[in-house]
Every structure is written in structure tokens, then in C-alpha cells.
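Written out below as C-alpha cells is the structure these notes cover.
The values are calculated or read from the model by the stated rules, or taken from the named source; none is laboratory data. Fair warning: this is a prediction, and the values are worked out from it, not measured in the lab. Because the Cβ atoms are built from the backbone with ideal geometry, glycine has one as well, and the counts that use them run over all protein chains shown.
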């Protein structure tokens, strides 16, 4: 590595190499190789079991064997539920660390508050039921991994916390109720303000429970008021803490929430603003691709906002040489006419690498970087490949006239006209790839009737499948069909014909003007006579 650096510096000084280097997407790191390793998973689970054992023993006295055994059974049941309901999360060691880490941190907070309040009298300890932040893990996990995993975390935190504090059924009931409320109000959070409203909802539920339990148990109004205040404060404070640490957790585990996707969808991003000036055709193309991809995502229940953002940035590499791409070429000016097909293909393919360079420089999300790298897969630049084949055939025909051997005409290498790949690895990127091809092909339709648009979309989908570009995206045939229908409907709406308004007859218009003038002059004369 160091020898390569010194060799490069030597060549740069001699003028034999360029000092500028293009940023490239990082290859699979050690973290990536350990992501699905079963030994790593066993180590993670073993560490959590040890920490759970220490949590039960922390601040406890007397026999703890029953509590430890019950805690292990609850933990094992949660793992089985996670493996059955969300196998993709279970197979990801980083997601498993996130879940277990959030649950463990939540349990530590609950146990710490319990030990602090238990040192005071019994009245202080009654505040613990409403002051314990049992919604921390459900809030965080629902935002990052979805409501299904969030519900599993509610059961884990509530039952394990009850065992850790040796509490009765009342605490378990309140924890489950507040946790389910947190998941319900967090499942569709789109803005940070929505998360605060979810915290207020949890606080309102705590207040209601405090009033009901206080009336049933005939508690003094002073204690009831403090319990209600603690319940509201705990719900709101937990939501604020989760909102504050969410960007850090997103970056650490490379997860993008709906909140972050919406923030990225801002068209005032510097790269998009630069595109409007330097590549306006590409900018318009990206907006249309975003609409088409979003429609396909909604049809099959994917994250439509994520698809929209990926489509916004998928072609940012065209900013470097915008004049070589069709949507930016003025009529009558085609720079590819003076280039060989292989050189033209090299420029076209390079926009993927240039896009990765810009994405890394502007610190875009990994999912956006993947969309830039994968939206063409390893497909071929068909137009220039066919043009190169035609030139090779013409050269062979001309060579026959000049008595040249066929071996003297170089073969056209298909690899020289292919994108570097890889193929789309997620459903969202596959939809962006389809939408990109649909938008580009729809421009060539002279008379875009609904039937022609449907045939075009179906043909593009069939070509993608035949070329194996969707094989690694995990899209099913039913999902592809539903997404294609939604995309076709969107293109029809964008390309629908408008009513042609009848043009005014100039002769009739001039007659109306003259008659108006005569009427006006007659009116003036009459008023003057009067």
C-alpha cells in the first residue's frame, strides 16, 4: 500500500500520472463479513445473557435462581419470536446488536431508577410505576426496524424489567400498555415533531392510568398528582432522548429512517441545485423517474420516500459531462458523432463512477450510494454496442473489397460496453432501475397511446428479467407485475393528450375590433351632441 503511494507520487512528479483520484465505494469490510456469521451471533447472545444475569443480581438479595431462570426463558422466547416473525433481522448481527443493546440500556435505566427510589419511603416507590422509561427501546426500535420488531421489544422490556425489579403484575401491565401505545403512535412517524406527539400520547396514557389506579386504591390527591406528572414527564422525556440520539444510531448501524428520507428529499440539496444549472435535462429526468418509482413502491408496499430520494440522486454523475447525455443535448448537436462507439460507451458508463465519487464527497446515505452504483446493474449500453457491431461488419465488408483478412478487423468486446454493476440488491433500487428505463424509453414514443405505453413498460420489464437484472433484488413476479402496472398508469397520466383549443380567425377578430371602434365613435358623437 505504501509502496503504491510512493510510486504514484513519483509518476505525478514526472507528469506521467494525474494527482486527482476518484473516490470509490468501500469494499466489504470486516463488519460486513461478520454480519451473518453464526459464531458472532452466538457471542452476541452470550454477552447479553451474562449482562442480564448481572442485572438480576444487581442490588438484589436472597435467592435469585427463579428470577434468572424466568429471565432466560423470556429472553429465549423473544429470540424465537424474532426469528419466526422477522428472519431478515435475526440473520443480521448488527440489527441484533441494536435490538439487544437498546433493550439492555432500557433495563439498566429502569433498574437504576428503581434502586434510587427504593432507598426512600413507600410513597416515593409508588412513583416508579410511572417514572420508569419502559418505552425507550420500543420508541427507538420501531423507528429503526419497524413496528413488528418494536412489538417484540415491548414484550421483552416489560417482562424482563418486571423480573429485574421484583415487581408485581401492576408494573407489567403499565409497561405493556405504554409500550404498545409507543409503537402504535411511532409506526408512521415522518417528522421529528410526530415523535414528540407520540411521547405526549404515552404521557397522556400514563396520566390516565395514574388517575384510574389512584381512585381504585384510594390514594391521596397529592400522590396522584405526582404520579400523573411523572407519567407525562417520562413519556415526553423518553421521546426527546430518542429524537436526540436517533441520528447517531442511524449512522452507527447504517439505517435510514423515514424521517431522514424526508429530510433528504429536499430539492435544495447542493447536488440537486448544481444539477438544475449544469444538467437541467437530467434534473427533469430524475424528477420524473422519482414519480414513477414512487408509484411502483406504493403499489407493493415499499418505502416510497426512499425510492423517491434514490431516484433524485441516481444520475448525479452526469453533472461532470452533461453534454454527452441525450436529455441535455440540444437538437442538431451530437458530440458522439465525432467519437468512436467504445469511447462514447466509456463516457456513458463513467457517470456511475462519477456519481459514487460525488455521493461520497457529499456524505450521502449508503442506500443512496448503492442506488447510484446499482441502478444500471451490469447491463449493456445497447445503442453504442450495436453501433460498434455495425462498424465491425462494415469494416469486414470493406476488407473483402481490399483483400484484407477478417482477422485484421478487431472483435467487439461486449465487456467494454457493460456497466460495472453489481445488479440491484434491494427491491427499492430495482424499482428505480425499472423507472429509469421506462422514463428514458417513453421519450421515443411518437404517439403515446395508453396501449403503447403499457406495451413499452411490459417490454422493458421482460428485457430486465431476461437479462437477469432483477434476479438479486428479491422482487417476486407478483410484485414486479403490480409495480409495472402502477408505473404504466403514472406514465399515462404524465403523457395524456390535452384538448386542442381552436385558433381565432384573424378576419373575424379584425371585424369585431372595427365594429367596436365604430360603436365607440358613435357613442362619443351622441354624447357630444347631447
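Before moving on, here are some points about what is shown:
- Any hit, the range 407-420, residues being under 23 Å from residue 354 (Cβ atoms), over 28 Å from the mean Cα position of the chain (by Cα), at pLDDT below 95 and crowded, with 22+ Cβ neighbours inside 10 Å: yes
- Scanning the range 168-186 for residues that are at pLDDT below 90 and under 26 Å from the mean Cα position of the chain (by Cα) yields nothing.
- Scanning the range 444-468 for residues that are within 25 Å of residue 328 (Cβ to Cβ), part of a loop (DSSP other than H, G, I, E, B) and in contact (Cβ under 8 Å) with a residue 40 or more places away in the chain yields a count of 2.
- Looking across the range 209-232, the residues that are closer than 14 Å to residue 131 by Cα and out of contact with any helix residue (DSSP H, G or I) (no Cβ under 7 Å at 6 or more places or on another chain) come down to 225, 226, 229.
- Some residue of the range 105-126 being under 29 Å from the mean Cα position of the chain (by Cα), surrounded by fewer than 18 Cβ atoms within 10 Å (Cβ to Cβ), assigned by TED's automatic domain parsing to the domain that holds residue 250 and without any contact (Cβ under 8 Å) to a residue 60 or more places away in the chain: yes
- Residue satisfying condition, being modelled with pLDDT of 90 or more and over 18 Å from the mean Cα position of the chain (by Cα), within set 274, 227: 274
- Residue 160 in the same structural domain as residue 116 (by TED's automatic domain parsing) and either within 23 Å of residue 94 (Cα to Cα) or touching a residue at least 24 places away in the same chain (Cβ under 8 Å) (or both): yes
- Residue check, residue 101 at positive phi and either outside the structural domain of residue 234 (by TED's automatic domain parsing) or surrounded by fewer than 23 Cβ atoms within 10 Å (Cβ to Cβ) (or both): no
This table checks each residue for (1) closer than 29 Å to residue 487 by Cβ; (2) in contact with a strand residue (DSSP E or B) (Cβ under 7 Å, 6 or more places away or on another chain); (3) touching a residue at least 40 places away in the same chain (Cβ under 8 Å).
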| position | (1), (2), (3) |
| --- | --- |
| 221 | no, no, no |
| 234 | no, no, yes |
| 246 | no, no, yes |
| 268 | yes, no, no |
| 271 | yes, no, yes |
| 284 | yes, no, yes |
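- Of all the residues in the range 78-98, those that are out of contact with any helix residue (DSSP H, G or I) (no Cβ under 8 Å at 6 or more places or on another chain) and surrounded by 14 or more Cβ atoms within 10 Å (Cβ to Cβ) number 2.
- Screening the candidates 311, 345, 252 for the property of being in a helix (DSSP H, G or I), out of contact with any helix residue (DSSP H, G or I) (no Cβ under 7 Å at 6 or more places or on another chain) and either modelled with pLDDT under 90 or crowded, with 19+ Cβ neighbours inside 10 Å (or both) yields one hit, 252.
- Of the helices (runs of 4 or more DSSP H) lying entirely inside the range 1-106, those carrying at least 3 residues that are modelled with pLDDT under 90 are 2-13, 30-33, 38-57, 65-85.
- One residue from 292, 300, 380 being surrounded by fewer than 20 Cβ atoms within 10 Å (Cβ to Cβ) and at pLDDT 95 or above: 300
- Flag for residue 155 being farther than 24 Å from residue 192 by Cα and either at pLDDT 85 or above or touching a strand residue (DSSP E or B) at 6+ places or on another chain (Cβ under 6 Å) (or both): yes
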